[in-house]
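The values are calculated or read from the model by the stated rules, or taken from the named source; none is laboratory data. Note that the structure is predicted; figures quoted are calculated from it, not measured. Don't worry about glycine lacking a Cβ; one is built from the backbone with ideal geometry, like all the others, and counts go over all protein chains shown.
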Amino acid sequence: MAHPFDSPYAHGFVRVAAATPKMHLAEPARNAASTVELLRRAHDEAVALVVFPELGLVGYSCGDLFHQEALLRASLDALEEVRVASRDLVPVAVVGLPLRVDSQLFNVAAILHRGEVVAVVPKSYLPNYREFYEKRHFSASRQAVTRTVRIGDRDIAFGTDLLVEVLDVADLVIGVEICEDLWVPVPPSSFAALAGATVLANPSGSNVTIAKADYRRELCRSHSARTMAAYVYSGCGVAESTTDLAWDGHALIAENGNLVAESERFGAGEALTVADVDLERLVADRIRMTSFADSIEDHAARLEFRRVGVRLDLPRRSIALRRDVARFPFVPADPQARNERCAEVYAVQRAGLATRLTATGLEHLVIGVSGGLDSTHALLVAVGVMDDLRLPRTNVLAYTMPGFATSEHTLTNARRLMAALGVSAHEIDIRPASERMLEDLGHPAADGDAHYDLTYENVQAGARTSLLFRLANQHHGLVVGTGDLSELALGWCTYGVGDHMSHYGVNASVPKTLIQYLVRWVAETGDLGPEAAEVLESVLDTEISPELIPAEGSGGGDGPDSGPHQLSEEIVGPYELQDFHLYYVLRFGYSPTKVAYLANQAWGARGRGEWPATIPEQDRHEYDLATILRWLRVFLHRFMQTSQFKRSALPDGPKVGSGGSLSPRGDWRAPSDASSAVWLAELDALDG
C-alpha cells in the first residue's frame with residue numbers, strides 16, 4: 001500500500017532526527033533509558049533515522065574511565081537494553097559507545113534497527129591536540145584487524161566501509177562517521193556519499209568554545225553541499241563533565257548546503273531535532289552534476305562498501321511535513337538576504353548588457369516602455385548601464401507606443417517614469433500602422449468589427465517590435481528585451497517580430513515574482529528620487545496585462561478607463577503559483593504529484609491563524625488544492641508542449657540565478673515537438 005498524498009514519504013522525503021539525551025556520566029543504564037525514551041519519541045513522530053551523540057551510552061568525557069572493565073561491560077549491557085527496546089520501533093538508531101575488539105578499544109557508532117545491531121562503525125580520526133587526548137584511550141579504525149565484531153551471540157559487520165540501505169524507502173542509504181572525521185581534509189563520508197549514501201550521520205562529542213557553533217554549521221552545510229547529501233549531526237549535551245570544558249548539545253541537520261533544522265543550544269532537558277530531508281532532490285542534483293559521476297570513477301578503488309539492508313515498515317498514514325516550503329522559491333524570505341539578492345541581480349543584468357553594448361561599439365539602447373512591470377524593470381537596468389558606463393541617460397531611447405487597448409493608467413506611468421529617469425522619451429501611436437496591417441490582411445477589425453482574435457493581438461505586438469528594431473538601426477543602438485522567465489515558460493509572448501525578440505534580453509532568466517521584488521527594492525531605496533519611487537509603486541499596484549484587447553466601448557489610451565482590461569493571470573494563471581511550479585520542474589525535474597504536494601504545503605488553504613512575519617501583507621492569501629491542480633495543468637501543458645519552439649529561438653541574455661534559465665544554449669534544451677501527455681496523465685490520476 002502506498003503512502004497517502006499528504007505524507008512526505010509519498011514524495012521522496014525522509015524524516016531524520018538528531019537526539020540530545022540528558023547525559024548521566026559513567027551510568028550506562030540510565031543513559032540507555034534516556035536513549036530508549038528518545039527513540040520511542042522518534043518512532044511516534046515517524047522518524048526513519050535518529051542519531052545520538054558520540055559515546056552517548058557512557059559519556060564522551062569519561063577520560064581514563066574508558067579503561068575500566070566495569071564501565072565497558074556496563075556499556076555493552078546498555079547497548080543490549082537499547083537493542084531489545086528497538087524491536088517494535090521504526091527508526092534506525094545510531095548510538096555511541098566504547099567497544100573492545102580483540103585487544104583494542106574503539107570509539108564506535110552502533111547502528112540498530114528492529115531489535116538487531118546491524119553494523120558497527122569505528123572512528124577514523126582521533127584528535128590528540130589541545131584539549132583532546134583520544135589516542136590515549138582508543139585505536140583508530142585503520143588499526144582494526146577484523147571486519148566483524150561479536151556482540152552477544154552474533155557476528156556484526158565492523159568497519160568504516162559500511163552503508164545501511166533502507167530497502168522500503170527509495171534512495172535512503174545511510175553512512176556514518178564520528179565527530180573529528182568531519183573536521184579532516186577528506187572526511188570518510190565523502191567516499192560513503194560517492195558509494196551511494198544519501199544521508200550521512202555524525203554522532204559527535206564536540207565541546208563548546210567561542211564561535212565553534214558557527215564553525216560546526218559551516219562544516220555541516222558545506223560538506224552536505226559537496227557530497228550532495230543530508231547531514232545529521234548530534235553533539236553531546238550540557239551534562240558532560242565540566243572539569244576543563246563545557247558542552248552545548250548542538251544538533252544540526254543540513255541538506256545540500258542548506259541548514260534545515262537546528263537545536264536550541266545549552267538546553268538542560270532532552271531534545272529531538274527533527275526535519276524532513278528531500279532525497280529526491282539530492283538524487284536529482286547528483287544525476288545532473290556530471291562531475292559527481294567523474295568523482296565516483298576517480299575514487300573507485302575506495303568505494304567498495306558493504307551494504308546492510310533493513311526494512312522500516314513505516315505506517316501508511318497522513319503526516320504533516322516537518323520542513324518550511326517557501327512560497328517564493330526564487331526570492332529569499334529574509335529581508336537582508338532579499339536585498340542582497342536584488343542588488344546582485346541588478347549587477348548581473350547591468351554587467352551583461354554593458355558588456356554587450358561595449359562589445360558592439362554602440363552607445364545607445366532602444367527600449368519599449370509600456371508602463372507595466374517588465375519594461376519598467378528593463379528600463380531601470382538600461383539606466384543603470386548608462387550610469388555604470390558614465391554615459392548620459394539620454395542615450396537610452398525609450399518609446400511608449402499606445403495601441404488599441406492601452407489604458408490611461410499605464411500610459412501615464414510610462415510617461416512619468418521616462419521623465420523621472422531622465423531618458424530620451426518618445427511616444428509613437430501604433431494604431432494607424434496596425435489599422436493599415438489589419439486592412440492589408442482583410443481582417444474584420446479593419447471595418448470596425450470587434451473581432452479580437454490572436455491576429456488582432458499580434459499585429460499590435462509586431463508593430464511595436466518592428467518599430468523598435470528599425471529605430472535601433474536608425475540610431476545605432478541595441479533593442480533591450482523586456483520579456484521575463486515566467487512568460488517564456490508559459491509561452492506568453494508573441495513569437496518572432498514581437499515581444500519574444502530583441503538584441504539582448506536582460507530579463508530572460510528573471511521570473512515575474514522576483515521582478516516584482518526588484519522593482520519594489522529600487523523604489524524603497526529611493527536612489528532614483530521621490531518621483532521615480534512614486535511611479536514604481538504605481539507600476540507595482542497595476543494588474544499584469546498585455547493590453548492588446550480593449551474593453552467594450554473603450555477608446556484606448558485616450559479613453560476614460562483607468563486600468564487594464566485584459567488580465568494575464570486570468571489566462572495563464574497566477575504568476576506567484578506558476579513561478580512556484582516552474583522552479584521545481586525546471587530546477588529539480590519533480591513529478592507533477594510532488595510539485596502539487598509542495599505547492600499545497602506552501603499555498604494550500606488550511607485556515608492559517610497568525611501569518612509568519614516573513615510573508616508580506618500582500619501575499620497573505622491561499623489556494624485550495626483544486627485550484628493548484630488546475631493551474632499546474634495549465635503550466636505543464638504550456639511548458640512541456642506548446643511553448644518550446646519560442647524558447648528555441650531566444651536572443652542572448654544573462655543567466656541570473658541557480659534556479660535556472662530557459663536558454664536553448666544553456667540550461668534547457670528540449671524538443672519543440674514534445675507532448676505533455678505523461679505529465680497530465682499523472683495529474684489525472686491524482687485528481688481521481
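Annotation: VAL595 fulfils all but one of (1) modelled with pLDDT under 95; (2) in contact with a Leu (Cβ under 8 Å, 6 or more places away or on another chain); the unmet one is (1).
Consider LEU397 carefully, then state whether it is in contact with a Phe, Trp or Tyr (Cβ under 7 Å, 6 or more places away or on another chain), under 28 Å from VAL656 (Cβ atoms) and at pLDDT 95 or above. I'd like the intermediate steps shown before the answer.
Values: in contact with a Phe, Trp or Tyr (Cβ under 7 Å, 6 or more places away or on another chain): no; under 28 Å from VAL656 (Cβ atoms): yes; at pLDDT 95 or above: yes.
Considered against the rule, which asks whether it is in contact with a Phe, Trp or Tyr (Cβ under 7 Å, 6 or more places away or on another chain), under 28 Å from VAL656 (Cβ atoms) and at pLDDT 95 or above, LEU397 comes out as no.
Reported count of residues in region 671-684, each being of a type in the set (Gly, Ala, Ser) and either in contact (Cβ under 8 Å) with a residue 40 or more places away in the chain or surrounded by 15 or more Cβ atoms within 10 Å (Cβ to Cβ) (or both), is 1. Among all positions in region 545-560, there is no residue which is in contact with a Ser or Thr (Cβ under 7 Å, 6 or more places away or on another chain), among the aliphatic types (A, V, I, L, M) and modelled with pLDDT of 90 or more.
Conditions (1) more than 30 Å from HIS377 (Cβ to Cβ); (2) hydrophobic (A, V, I, L, M, F, W, C); (3) surrounded by 13 or more Cβ atoms within 10 Å (Cβ to Cβ), marked per residue:
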position	(1), (2), (3)
THR273	yes, no, yes
ASP298	yes, no, no
PHE305	yes, yes, yes
LEU312	yes, yes, yes
ALA333	no, yes, yes
ASN339	no, no, yes
CYS342	no, yes, yes
ALA351	no, yes, yes
ARG356	no, no, yes
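For region 496-510, check the following and say yes or no: at least one residue is within 34 Å of the chain's Cα centre (by Cα), farther than 24 Å from LEU397 by Cα and in the same structural domain as GLU363 (by TED's automatic domain parsing). There is no residue in region 496-510 that is within 34 Å of the chain's Cα centre (by Cα), farther than 24 Å from LEU397 by Cα and in the same structural domain as GLU363 (by TED's automatic domain parsing). Residue count for region 417-467, restricted to those that are under 38 Å from the mean Cα position of the chain (by Cα) and not β-branched (Val, Ile, Thr): 10. Here's a check for you: in region 439-463, which residue that is under 26 Å from VAL366 (Cα atoms) and out of contact with any Ser or Thr (no Cβ under 6 Å at 6 or more places or on another chain) is surrounded by the fewest Cβ atoms within 10 Å (Cβ to Cβ)? Here the residue is THR455.
The residue that is nearest to the chain's Cα centre (by Cα), counting only those in region 8-45 that are part of a loop (DSSP other than H, G, I, E, B) and surrounded by 22 or more Cβ atoms within 10 Å (Cβ to Cβ), is GLY12. Here the condition is being in contact (Cβ under 8 Å) with a residue 24 or more places away in the chain and part of a loop (DSSP other than H, G, I, E, B); of SER375, SER370, it holds for SER370 alone.
Let's see how each residue does on (1) farther than 30 Å from LEU586 by Cα; (2) among the acidic types (Asp, Glu); (3) in contact (Cβ under 8 Å) with a residue 24 or more places away in the chain; (4) not assigned by TED's automatic domain parsing to the domain that holds GLY659:
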position	(1), (2), (3), (4)
LEU438	yes, no, no, no
GLY448	yes, no, no, no
TYR456	yes, no, yes, no
ALA472	yes, no, yes, no
CYS493	no, no, yes, no
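Looking across region 230-244 at every residue that is of a type in the set (Val, Ile, Thr) and farther than 30 Å from ALA193 by Cα, the one that is surrounded by the most Cβ atoms within 10 Å (Cβ to Cβ) is identified as VAL238.
Do we have any residue at all in region 572-589 that's in contact with a helix residue (DSSP H, G or I) (Cβ under 8 Å, 6 or more places away or on another chain), in contact (Cβ under 8 Å) with a residue 40 or more places away in the chain, assigned to a loop (DSSP other than H, G, I, E, B) and closer than 28 Å to THR542 by Cα? Talk me through it step by step, then tell me what you get.
From region 572-589, those in contact with a helix residue (DSSP H, G or I) (Cβ under 8 Å, 6 or more places away or on another chain) are 572-582, 584-586, 588-589; that's our starting set.
Keeping just the survivors that are in contact (Cβ under 8 Å) with a residue 40 or more places away in the chain gives 572-582, 584-586, 588-589.
Of the ones still in play, those that are also assigned to a loop (DSSP other than H, G, I, E, B) are 573-574, 589.
The next check asks that each one be closer than 28 Å to THR542 by Cα; those that pass are 573-574.
There is at least one residue in region 572-589 that is in contact with a helix residue (DSSP H, G or I) (Cβ under 8 Å, 6 or more places away or on another chain), in contact (Cβ under 8 Å) with a residue 40 or more places away in the chain, assigned to a loop (DSSP other than H, G, I, E, B) and closer than 28 Å to THR542 by Cα.
Remark: ARG217 falls outside the filter, which requires a residue to be more than 20 Å from ALA19 (Cα to Cα) and within 22 Å of the chain's Cα centre (by Cα).
Among the residues of region 122-152, write down those that are among the aromatic types (Phe, Trp, Tyr) and either loosely packed, with under 12 Cβ neighbours inside 10 Å or at pLDDT below 95 (or both). Even if it seems obvious, please write down each step before you answer.
Narrowing region 122-152 to residues among the aromatic types (Phe, Trp, Tyr): 125, 129, 132-133, 138.
Result: TYR129, PHE132, TYR133.
Looking only at region 18-67, residues that are touching a Cys at 6+ places or on another chain (Cβ under 8 Å), among the aliphatic types (A, V, I, L, M) and closer than 19 Å to HIS250 by Cα come to 3 in all.
Here the condition is being in contact with a Gly (Cβ under 7 Å, 6 or more places away or on another chain) and of a type outside the set (D, E, K, R); of GLY249, GLY269, GLY309, GLY257, it holds for GLY249 alone. More than 17 Å from the chain's Cα centre (by Cα), hydroxyl-bearing (Ser, Thr, Tyr) and over 30 Å from LEU353 (Cα atoms): does that describe THR642? No: the conditions fail for THR642.
For the residues HIS621, HIS637, the requirement of being closer than 17 Å to PHE580 by Cα and modelled with pLDDT under 90 singles out HIS621. For the residues GLY96, GLY152, GLY159, the requirement of being in the same structural domain as LEU79 (by TED's automatic domain parsing) and out of contact with any Pro (no Cβ under 8 Å at 6 or more places or on another chain) singles out GLY152. Among residues of region 114-130 that are outside the structural domain of LEU97 (by TED's automatic domain parsing) and closer than 18 Å to ALA78 by Cβ, none has a Cβ under 8 angstrom from a residue that is basic (Lys, Arg) and crowded, with 17+ Cβ neighbours inside 10 Å at a sequence gap of 6+ or on a separate chain.
Residues being of a type in the set (Lys, Arg) and touching a Lys or Arg at 6+ places or on another chain (Cβ under 7 Å): count how many of those fall in region 455-498. Let's see the steps before the verdict.
Initial filter on region 455-498 (of a type in the set (Lys, Arg)): 464, 470.
Those still in the list that are touching a Lys or Arg at 6+ places or on another chain (Cβ under 7 Å) too: none.
Selection size over region 455-498: 0.
Conditions tested, residue by residue: (1) among the aromatic types (Phe, Trp, Tyr); (2) closer than 25 Å to VAL166 by Cα.
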| residue | (1), (2) |
| --- | --- |
| LEU25 | no, no |
| ALA29 | no, no |
| ARG40 | no, yes |
| LEU49 | no, yes |
| LEU55 | no, yes |
| TYR60 | yes, no |
| LEU76 | no, no |
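Inspection of region 85-104 identifies no residue that is without any contact (Cβ under 8 Å) to a residue 12 or more places away in the chain, surrounded by fewer than 14 Cβ atoms within 10 Å (Cβ to Cβ) and in a strand (DSSP E or B).
Taking the criterion of being within 16 Å of PRO654 (Cα to Cα) and out of contact with any strand residue (DSSP E or B) (no Cβ under 9 Å at 6 or more places or on another chain), the residues of region 490-511 that qualify are SER509, VAL510, PRO511.
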